[in-house]
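Worksheet: one structure, shown below.
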Amino acid sequence: MRKYHIITYGCQMNEHDSENIAGLLEAMGYEHIDDPFKADVTVINTCSVRDNADKRFFGTLGQFKKVKKSRPDFVLCVCGCMPQQTRVVAEINKRFSWVDIVFGTQNIAEFPVLLEERLRTGRRMRAIVDNNPDISEDDMRPLRMHRHKALVNITYGCNNFCTYCIVPYTRGREKSRMLSDVCDEVRRLAADGVVEIMLLGQNVDSYRDAAGHSFADLIKAVNEIDGIERIRFMTSHPKDISDEMIDCFRTCDKLCHNIHLPVQSGSDRILKRMNRHYDRASYLKIVDKLRETAPDITISTDVIVGFPGETDDDFEQTLDIARKVEYDSAFTFIYSPREGTPAAKFKDQVPDEVCHERFDRLVDVMNEISLRKNQEYKGKTYEVIAEGISRNDDKVISGRTDGFKLVNFTSDKSPEQLMGRKVKVEITESKTFSLEGREVD
């Protein structure tokens, strides 16, 4: 049997794309192998959000040149966000012309045809489409990473054009799937044993299907599907989140009390330069509404440090909003210029040494808050869905609370007995990024 391997960089959208690609390959008769250098077909699914991702990708790509020379029948494929940029495809064609297949984020369904054509003719294949209006999940049967939980796309693309972000240029304009199609997919997943779903979109709050259904309508509909026990979503945009959606945390019993609400900066001046369309006052008002509706809600965020023109005062306002909101966790980034975005052309770039000093200070503040909030869990019991064996100890099982807290716990039962099931866990120790505990009756 022919073997395949997929290397994935980036966000949950990329992870789900890789699940779809894996499903297509297995339908063609391929079998997964852990070693990408020994596979018959290796796919590199790329991310272009940060400069680091570019460097990692080209570094990884170079490692396959010897494999290609020694095994001419080896097929190397590149897909994802990076090929949606003309400059990247040009660089691949110039420096890595031996790459067999290059396709974009909106050509995944065509991959089997591209692969068969490459094998049949020996021609190198390139297929990039911008803003395909016919994008669909109907023909996809993803090979999920987990049996008990699944990723479900509800929108594709993005219309926000934040000045630092490349996503609208790599994933096209925003389109929403029909509510009925999403629900049909969730029903199929529930019938296959899935108990937790993550509704995915670059901006889930702007979901609006052709029939006029809102994101709140979609959550309510999914909440009625038998078999599903937990509903999550990401990512929310503060400019579009509605009171109706916030009220779903009260009315929908399966909706997890957790939200990822990117703030990016605490400075109104910087938020305006980022083209975020909200200010700190409106953001804090949303947080107040969320906590009034669901007092136990956990909130995570994204923060960019060192955006062009950021002053010491701007950064202090970011520290201030972090302290006011008291995030449970945060993804913190040093600003990375992306070619093709407006911010990359701004003249007032912040020096690297200043960015790193601010970044370290922000991380210290965020970690102190996370640890303090996690300490509130100690001695209490929570329902955890078991997800797998801990990376650090094969006698410990890991899982997530409703609020998305990572819990590593011990049990008298085997991981196989518990996987995908709700377990009551008493928290015995709190750490900055995780909790520890033991199963209780």
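HN-Hα J couplings of the stretch 314-326 from phi, Karplus 6.51/-1.76/1.60, θ = phi - 60°, integer Hz, Gly and Pro as x?
Karplus values, whole Hz, x for Gly and Pro: 4, 5, 4, 5, 5, 4, 5, 5, 4, 5, 5, 6, 6.
Taking all protein chains in place and a 1.4 Å probe, what share, in percent, of the accessible surface of the stretch 156-220 do carbon and sulfur account for?
52
Using only Cα atoms, what is the ratio of the radius of gyration of the stretch 205-276 to 2.2 N^0.38 Å?
For the stretch 205-276, the normalised Cα radius of gyration is 1.28.
Could you check the simple spin-label distance between ASP288 and MET1, using points 7 Å along Cα→Cβ, in nm with one decimal?
5.8
Placing +1 on the Cβ of each Lys and Arg and -1 on the Cβ of each Asp and Glu in the chain, which of ILE7, VAL204, PHE215 has its Cα farthest towards the positive end of the resulting dipole?
The residue sitting farthest along the positive end of the dipole is ILE7.
So how strong a dipole does the stretch 247-351 carry about its Cα centre when Lys and Arg Cβ are +1 and Asp and Glu Cβ are -1, to the nearest 20 debye? Provide the component values of the computation, followed by the final result.
Values: 15 positive and 18 negative charges, 77 e Å.
Using only the charged Cβ atoms, the result is roughly 360 debye.
What is the ratio of the Cα radius of gyration of the stretch 176-237 to 2.2 N^0.38 Å, with N the residue count, to two decimals? Display every interim value, and only then the final one.
Working: Rg = 11.1 Å, N = 62, 2.2 N^0.38 = 10.6 Å.
The value comes to 1.05.
LYS69: which lysines have alpha carbons under 18 Å from its alpha carbon, excluding same-chain residues fewer than 8 sequence positions away?
Candidates past the 8-residue exclusion: LYS38, LYS94.
How large is log10 of I(q)/I(0) for the stretch 337-406 at q = 0.21 Å⁻¹ when the intensity is taken from the Debye formula with one equal scatterer per alpha-carbon?
-0.96
Hey, what's the stretch 1-152 come to in accessible area per residue, 1.4 Å probe, Å²?
47
For the stretch 195-239, with every protein chain kept in place, what is the accessible area per residue (1.4 Å probe, Å²)?
Solvent-accessible surface per residue comes out at 30 Å².
Order the peptides 412-422, 211-221 from the highest to the lowest mean number of other Cβ atoms within 10 Å of their residues.
Working: 412-422: 13.5, 211-221: 18.5.
The packing order, highest mean first, is 211-221, 412-422.
Report D for the stretch 53-182 in µm² per second (integer): Stokes-Einstein, Kirkwood Rh on Cα pairs, 37 °C, 0.692 mPa s.
Details: Rh = 16.5 Å.
Reported coefficient: 198 µm²/s.
If you project the alpha carbons of the chain onto their three principal axes, what span does each projection cover, largest first, in Å?
62, 58, 48
Could you size up the charge dipole of the chain around its Cα centre, putting +1 on the beta carbon of Lys and Arg and -1 on that of Asp and Glu, and report it in debye to the nearest 20?
That gives the chain a dipole magnitude of about 1400 debye.
How are the Cα pair distances of the stretch 282-441 distributed, in percent, across 10 Å bins from 0?
Calculated over all Cα pairs of the stretch 282-441, the distribution is 10, 30, 27, 20, 11, 2, 0 percent.
Per residue, how large is the accessible surface of the stretch 267-353? Use a 1.4 angstrom probe and give square angstrom.
47
Output the direction-averaged projected area (hull surface divided by four) of the convex hull of the alpha-carbon atoms of the stretch 395-434, in nm². Before the final figure, lay out the partial values.
Details: hull surface 12.2 nm².
Averaged projected area of the stretch 395-434's Cα convex hull equals 3.0 nm².
Give me the dipole magnitude in Debye, nearest 20, for the stretch 37-77 about the Cα centre, with unit charges on the beta carbon: positive for Lys and Arg, negative for Asp and Glu.
220
Mind listing the long-range amide H neighbours of ILE44? Cut-off is under 5 Å, sequence gap 5 or more, other chains count too, H placed in the peptide plane at 1.01 Å from N.
ILE7, CYS77, VAL78, CYS79
Using a 1.4 Å probe over the heavy atoms of the protein chains, calculate the carbon and sulfur portion of the accessible area of the stretch 2-44 as a whole percent.
Taking all protein chains in place, the stretch 2-44 shows 48 percent carbon and sulfur surface.
The values are calculated or read from the model by the stated rules, or taken from the named source; none is laboratory data. In this text the structure is predicted, and so the values were computed from the model without any measurement. Note that we place each Cβ from the backbone using ideal geometry, even for glycine, and neighbour counts take in every protein chain shown. Side chains are part of the model used for accessible areas, which takes the heavy atoms of the whole protein and leaves out ligands, DNA and RNA. Shrake-Rupley method; radii C 1.70, N 1.55, O 1.52, S 1.80 Å.
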